[in-house]
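Have a look at the structure below, then the notes.
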Ligand code: PMP
């Protein structure tokens with residue numbers, strides 16, 4: 001945890017998970033000046049890199065953290081300091097990095113406006129805190145997804161393409177009734193026409209139709225997922241054709257309903273790759289999907305990379321030596 005005051009970071013320390021004491025008029029609680037990242041340290045199960053834990057693409061996460069900070073009028077962190085801080089944390093907590101493939105030490109760097117004031121102006125004080133907890137992949141079985149036709153997540157010019165805490169507030173009312181129906185993720189549509197799929201609650205979306213795998217192009221309403229980027233970069237070497245192209249939801253539903261060979265899967269740091277086995281919506285649509293060989297292959301491949309069992313492209317793995 002660290003505190004930012006008068007243009008400088010101070011009180012940097014490692015603590016057990018203690019409650020924070022905040023004034024009731026802390027800026028972030030009222031106006032949402034809060035951002036975060038989701039990262040993972042995996043046990044090194046393969047490579048001869050000099051580390052027993054591997055951080056996956058931490059510089060990418062640092063850069064996205066800074067894009068989020070800039071969008072919300074918050075101070076950026078030095079990229080190398082961000083990565084070094086996480087390395088030090090993982091190195092100190094090495095005993096908490098799980099040994100089992102698929103599990104990891106989940107890291108949640110968070111920064112919020114800590115000035116106590118009731119006005120919509122940026123804070124002058126910030127709190128930066130990294131939570132660390134051993135975790136499984138968020139989904140260990142195929143998921144069901146709900147096409148959200150009523151509410152929207154992000155509009156043009158908004159904060160949808162950065163990791164602002166407030167982006168997730170849009171999902172609560174939409175997701176509340178779904179848990180009872182057994183659906184785990186919302187599939188958001190574009191907020192203007194409600195015709196194209198954008199992303200899941202906490203994952204980017206891919207659709208395979210025959211030999212072609214599509215994912216919606218990045219825009220100011222879609223988070224630039226680091227897993228999404230990794231899959232796009234790996235596709236060629238895996239002999240897969242992946243294209244960034246808008247996906248019309250009505251066409252997708254028709255293709256599944258008519259028995260076409262279709263896969264839908266989500267991807268993200270938490271979920272890695274999560275195949276969808278059922279799609280539903282408020283009109284009573286309940287469409288089971290056929291088996292998902294490509295998603296299964298991509299999930300295994302990503303985990304092998306992240307655990308160092310397979311060589312990763314240069315710069316993706318950051319070995320963290322044990323202290
Ligand atoms: N979209 C949203 C809304 C998310 O919360 C996440 C998880 N960070 C993603 C996409 C996937 O991003 P990444 O692969 O960088 O974890």
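No value in this document is a laboratory result; all are computed from the given coordinates. Given the structure is predicted, the values throughout are model-derived calculations rather than measurements. Glycine gets a Cβ as well: all are built from the backbone with ideal geometry, and neighbour counts include every protein chain shown.
To the nearest ten degrees, helix 172-181 and the longest principal axis of the Cα atoms of the chain are 50 degrees apart.
Given an 8 Å cut-off on Cα distances and at least 6 residues of separation, report the relative contact order of the chain as a percent. Spell out each step's value before the answer.
Details: 656 pairs, mean separation 71.1, N = 323.
Computed value for the chain: 22 percent relative contact order.
Across the chain, the convex hull enclosing all Cα atoms gives 137 Å³ per residue. Helix 58-71 and the long axis of the chain differ in direction by around 80°, with both axes built from C-alpha atoms. Largest GNM mean-square fluctuation among 195, 159, 52, using the chain with Cα springs under 10 Å: 195. From the alpha carbon centroid of region 163-201 to that of region 219-234 is 18 Å. Within the listed set 208, 150, 67, the residue fluctuating most in the Gaussian network model of the chain (springs between alpha-carbon atoms under 10 angstrom) is 150. Highest GNM mean-square fluctuation among 94, 11, 78, for the chain modelled with Cα contacts below 10 Å: 11.
Determine the relative contact order of region 143-289: mean sequence separation of Cα pairs under 8 Å and six or more apart, normalised by residue count, in whole percent. Don't skip to the answer; put the middle values down first.
Working: 278 pairs, mean separation 41.5, N = 147.
That works out to 28 percent.
In plain terms, the C-alpha convex hull of region 1-133 casts an average shadow of 8.5 nm² when viewed from every direction.
Using the Kirkwood formula over every pair of different C-alpha atoms, what hydrodynamic radius in Å results for region 143-289? Kindly include the intermediate steps, with their values, before the conclusion.
Values: mean 1/r = 0.0651 Å⁻¹.
Answer for region 143-289: a Kirkwood hydrodynamic radius of 15.4 Å.
May I ask you to sort 1, 279, 35 by Cβ crowding, counting other Cβ atoms within 10 Å and putting the fewest first?
Working: 1 15, 279 23, 35 28.
Neighbour counts put them in this order, fewest first: 1, 279, 35.
Once the Cα atoms of helix 79-92 and of the chain are each reduced to a long axis, what angle between those two axes, in degrees from 0 to 90 to the nearest 10, is obtained? The angle comes out at about 90 degrees.
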